[in-house]
Each structure stands twice: as C-alpha cells, then as structure tokens.
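Undergrad: Once you've had a glance at the structure underneath, I'll fire off some questions.
Since every read-out is calculated from the coordinates, none of them should be taken as a lab result. Predicted, not measured: the structure shown is a model, and the values here were computed from it. Positions of Cβ are backbone-derived with ideal geometry, glycine not excepted, and every protein chain shown enters the neighbour counts.
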Amino acid sequence: MKKLYGIGTGPGDKELLTIKAVKKIQGASVVFAPSNKDKNIALDTVEEYIQYKKVILLDFPMGKVTEKDYINAAQIIYTEIPEGEYGVYLTIGDPMIYSTFIYIMEKLDKNKIQVEIIPGISSFVLGAAQSKIPLTVKGDKFLLMDEFQENMLDNIDTLCILKTMKDKEKILDILENKGFSYAYIKRVSLKDEKILTKKDEIIKDKDYLSFIIGRRKADD
C-alpha cells in the first residue's frame, strides 16, 4: 500500500525541523510541495535533505483554488508514489493549520493510500516566543484567525491575526479600543525577521509574511 506523510517544515529556519520530519524526508521516494513562483519556503527549509529526489510542485492558484484543483493534486500524488513506498507533502508551519494539505487529504482514497501527519512549529507559536507574548495562561481564551473579525474579540484574552495586509490601521485602532497591546511580527525565523510595536511603523510595513499578536492588558 502507498503512504503519504504530510510534513510541517515550520516557519523557515531549518534548525526548527523535527528529527522525525528529516528522517521521513530522507527516506521518501517523491517529494510534493505547493507551487510558488516566487519562493518556496518549505522546499528551501529542507533543501539539504531532499538531495536528488524527485520533486513535484502542485499548482494552487492564489485566491482561485477550486475543489477540482485539490482532486487533481490528490490524483497526482497517488499516481506518483510507487506501490509499497511513500511520499512526503511539505507545507510551511503545521499541516493541520490553514494548510492546502487538509483539503488534499480529504480527497485521497483512504482505502488505497495511508496518510500520516508530522506536525511542525507554526509561525505564531515562534512569534510568541520571539516577542515574549504568552499565547495563553490558565483560564485564558486564545483566538487564531486568518482574517480579522472584530465581533469575536469581546471574550478573548490573546489573539493572532495571520493576514494583516488589509485595513491594518483599522485593526490596530480596534485592538487599542478593546484594551489590547500588540506586536507585529514579520518574516519570523528568517534572516530579515523584525518585531514592530510602534503603530506608525506597523502601518507602513507591507510584508505578506507577517502577523499580529495581541494580548489584552492585565489591568483591563
């Protein structure tokens, strides 16, 4: 029977790869990853462990992905993995958090291919460590969102917003009004990583690989 490992490669620093992820990548017959015309962080992170393995890039048009794209990707994966062997699907962060792997996994025939997941360190977990902002302590409520939703903030102690390119000033205004302090973290674990806390600097920055962690002030 064929097998596919969904592997989280973390936020980009190869030293944050798990030992299990490295071993599975080294033993794989074929490596799959989402196509990225600019830079594929997942592939770059594990480059030294891929060596001369067959690499197949799967196309998911940004903002235009359809169910058919996931079905096609699942079929390619099944076809390309040799019988009795396994392949790996690489994704930045963790495979079970806002990942294309989730949708591909749902399209695979579980009677024909086994699926196993190897988690990775998510950007927001590392961001909390780098900024020293706790995500949650006993009794807290933590919210992770890929796009900002103001109506979800009232009973939350800490939040992370992964997509911050739109309405950044409005988001910060709302967080301040709701009693949150915040940090803007860009390119976490990469050589040009920055942590910004000044509102004007955050608003000016346009880096796609960025997110905001907010924590309600202790005196509120």
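Undergrad: I'd like the trypsin sites (Lys or Arg not before Pro) in the range 191-220 restricted to DSSP loop residues with at most 13 other Cβ atoms within 10 Å, sorted by number. Don't skip to the end; give the middle numbers.
TA: Values: sites: K191, K194, K198, K199, K204, K206, R215, R216, K217; in loops: K191, K198, K206, K217.
Passing both the DSSP loop test and the Cβ count: K191, K198, K206, K217.
Undergrad: Here's something else I'd like to know. On full extension of the chain, what length is gained from K206 through Q130, given 0.36 nm per residue of separation minus the C-alpha to C-alpha distance?
TA: Values: separation 76, 0.36 × 76 = 27.36 nm, distance 2.03 nm.
Length gained between K206 and Q130: 25.3 nm.
Undergrad: What residue among Y89, Y52, Y208 shows peak mean-square fluctuation when the chain is described by a Gaussian network model with Cα springs under 10 Å?
TA: Looking only at Y89, Y52, Y208, the largest GNM fluctuation is found for Y52.
Undergrad: Just the number: Rg to Rh for the chain, Cα atoms, Kirkwood Rh, two decimals. List each step's numbers first, then the result.
TA: Values: Rg = 19.0 Å, Rh = 18.7 Å.
That ratio equals 1.01.
Undergrad: Using the count of nearby Cβ atoms within 10 Å as a rough guide to exposure, how do L16, L172 rank from fewest to most?
TA: Numbers: L16 16, L172 20.
Final ranking by Cβ density, sparse to dense: L16, L172.
Undergrad: Roughly what would the spin-label model give for D140 and K14, points 7 Å off Cα along C-beta, in nm?
TA: Going by the 7 Å Cα→Cβ label model, 3.3 nm.
Undergrad: By DSSP, what percent of the beta bridges with both residues in the chain are antiparallel, rounded to the nearest 5? Intermediate values should be presented prior to the final figure.
TA: Values: 15 of 39 bridges.
The answer is about 40 percent antiparallel.
Undergrad: Would you mind pulling out the separation of the Cα centroids of the range 147-169 and the range 114-138, in Å?
TA: Rounded to whole Å, the Cα centres lie 18 Å apart.
Undergrad: Sort 155-163, 90-98 for me by packing, meaning the mean count of neighbouring Cβ atoms within 10 Å per residue, highest on top.
TA: Working: 155-163: 18.4, 90-98: 22.0.
Highest-to-lowest ranking by the protection proxy: 90-98, 155-163.
Undergrad: So how do 1-13, 178-190, 107-119, 137-149 stack up, highest first, on mean other-Cβ count within 10 Å?
TA: Working: 1-13: 23.1, 178-190: 19.8, 107-119: 14.3, 137-149: 12.2.
Result, highest mean first: 1-13, 178-190, 107-119, 137-149.
Undergrad: Rounded to two decimals, what ratio of Rg to Rh does the range 2-118 give with C-alpha atoms and a Kirkwood Rh?
TA: Rg/Rh: 0.93.
Undergrad: Take every Cα pair under 8 Å in the range 80-204 that's 6+ residues apart, average their separations, divide by the length, and report that relative contact order as a whole percent. Mind showing how you got there, number by number?
TA: Details: 103 pairs, mean separation 19.9, N = 125.
That works out to 16 percent.
Undergrad: Another one. Do any GluC sites (Glu not before Pro) in the range 1-84 lie in a DSSP loop with no more than 11 other beta carbon atoms within 10 Å, and if so, which? Mind showing how you got there, number by number?
TA: Numbers: sites: E15, E47, E48, E67, E80, E83; in loops: E83.
Passing sites in the range 1-84 are E83.
Undergrad: Principal axis extents for the range 123-216, Cα atoms only, whole Å, descending order, please.
TA: 35, 26, 21
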